[in-house]
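Here's the structure we're looking at; comments come further down.
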Amino acid sequence: MEVLESAAACHDALERARAAGRTVGLVPTMGALHDGHVSLVARARAECDVVAVSIFVNPLQFGDPEDMARYPRTLERDLLVCAEAGADVVFVPPVGEMYPSWPAPPATTVSVCGVSDRWEGASRPGHFDGVATVVAKLFAIAGRCRAYFGLKDFQQLAVVRQMARDLSLPVAVVGCPIVREADGLALSSRNVRLSGAERAAATVLARALAAGRGALATGARSGAEVRRAMRATAAGEPLVRLDYAVAVDASSLEEADAIDDVGAVRLLIAAQVGPVRLIDNSAALEGADDVHVGAATTGAVRQLERIG
Ligand code: AMP
């Protein structure tokens with residue numbers, strides 16, 4: 001496995017692979033890798049000849065410098081996880097490699113209108129510009145490839161797909177299932193910052209999504225009814241401060257009003273739990289695209305944890 005800090009070296013390594021007739025899979029991450037990330041690497045491994053993982057905590061997508069400072073960084077362990085999961089290249093650029101003018105932001109940034117506007121975009125102004133800009137750069141560095149993203153960040157996936165399409169980038173964006181703990185909590189690098197009580201309370205996000213699905217399964221056909229069901233569940237957890245819980249059109253991310261086609265609806269939720277902002281989402285149909293730890297991953301992270 002090659003560990004590269006230079007964008008040119010990463011570009012050259014992947015160009016060489018393509019010149020030799022090999023396909024390239026890219027998995028962009030911010031590190032602190034868990035089995036959700038490993039599932040993306042495993043999918044890329046299964047579908048591509050050469051797998052590149054990027055690890056970069058992108059300062060452009062953090063509004064709050066405190067949040068950025070507290071973001072977990074576990075590079076040594078991440079490299080072991082990448083090796084175990086079968087990565088061929090790990091790109092770990094220093095900030096100056098991605099943004100030479102930093103701390104001044106780059107002169108050129110990418111904004112995706114429409115799908116960025118609501119939900120995470122409204123709660124975290126500038127966040128999706130930061131995401132779209134860094135992913136556009138990673139796509140330029142990687143070149144023609146398949147790029148793997150988690151449905152966990154549903155709106156981010158929509159933003160990245162739109163960006164790749166609008167800029168005619170030679171990248172096929174692949175959305176991958178959400179990996180959850182046995183109790184339903186979606187894996188996130190931020191979960192390590194939850195106290196025991198907060199960790200227990202955090203399962204309410206998955207429970208609220210289940211309540212939304214339940215409402216639809218028992219005949220609710222308006223966004224308002226589904227929203228009420230999710231909110232009522234979330235309200236049962238005093239440690240959780242709900243930001244939004246909504247039923248949206250899965251393509252436009254506009255809030256659903258009357259629901260004719262349940263299959264076209266996505267449920268989104270975001271909440272502050274102690275020091276951590278958590279997001280989750282679900283198809284409107286029961287268990288449509290989620291997996292639990294161990295089911296679809298290589299278990300590489302768990303194995304490393306057992307080894308110590
Ligand atoms: P991050 O390191 O949080 O920026 O995430 C890197 C990639 O991993 C993104 O495409 C995320 O959507 C994906 N990801 C994060 N958590 C999960 C999860 N629990 N299941 C599946 N994919 C995930």
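Quick check on Arg213: is it among the basic types (Lys, Arg) and either open to solvent by less than 30 Å² (accessible area, probe 1.4 Å) or touching a residue at least 40 places away in the same chain (Cβ under 8 Å) (or both)? When the stated conditions are applied, Arg213 passes them. Inside segment 244-265, residues that are outside any loop (DSSP other than H, G, I, E, B) and surrounded by fewer than 16 Cβ atoms within 10 Å (Cβ to Cβ) make up a count of 3.
Residues in segment 79-92 include at least one that is closer than 18 Å to Phe149 by Cβ, out of contact with any Leu (no Cβ under 7 Å at 6 or more places or on another chain) and outside any helix (DSSP H, G or I). Restricting attention to segment 198-223, the residues that are outside any helix (DSSP H, G or I) and within 13 Å of the ligand (Cβ to nearest atom) add up to 1. You will find that of Val265, Val273, the residue that is touching a Gly at 6+ places or on another chain (Cβ under 9 Å), modelled with pLDDT of 95 or more and among the hydrophobic types (A, V, I, L, M, F, W, C) is Val265 and no other.
Here the condition is being modelled with pLDDT under 95, out of contact with any strand residue (DSSP E or B) (no Cβ under 8 Å at 6 or more places or on another chain) and among the small types (Gly, Ala, Ser); of Gly214, Gly287, it holds for Gly287 alone. Of all residues in segment 23-43, those that are within 22 Å of Pro59 (Cβ to Cβ) have Cβ atoms under 7 Å from Cβ atoms of residues that are within 6 Å of the ligand (Cβ to nearest atom) and polar (S, T, N, Q), 6 or more apart or on another chain, in Met30/Ser189; Ala32/Ser189; His34/Ser189; His37/Thr29. Looking only at segment 170-197, residues that are surrounded by 19 or more Cβ atoms within 10 Å (Cβ to Cβ), outside any strand (DSSP E or B) and more than 13 Å from the ligand (Cβ to nearest atom) come to 1 in all.
Of the numbered conditions (1) aliphatic (A, V, I, L, M); (2) within 16 Å of the ligand (Cβ to nearest atom); (3) outside any strand (DSSP E or B), Leu268 fails exactly one; give the number of that condition. Result: Leu268 passes all but (3).
Looking at segment 1-75, what helices (runs of 4 or more DSSP H) fall wholly within it and have at least 2 residues that are within 14 Å of the ligand (Cβ to nearest atom), of a type outside the set (S, T, N, Q) and surrounded by fewer than 20 Cβ atoms within 10 Å (Cβ to Cβ)?
Details: elements: 7-19, 35-47, 65-70.
Result: 65-70.
The values are calculated or read from the model by the stated rules, or taken from the named source; none is laboratory data. For clarity, every value in this text was computed on a predicted model and none was experimentally measured. Glycine gets a Cβ as well: all are built from the backbone with ideal geometry, and neighbour counts include every protein chain shown. Just so you know, the surface numbers come from the protein's heavy atoms only, side chains and all, with ligands and any DNA or RNA stripped out. Shrake-Rupley method; radii C 1.70, N 1.55, O 1.52, S 1.80 Å.
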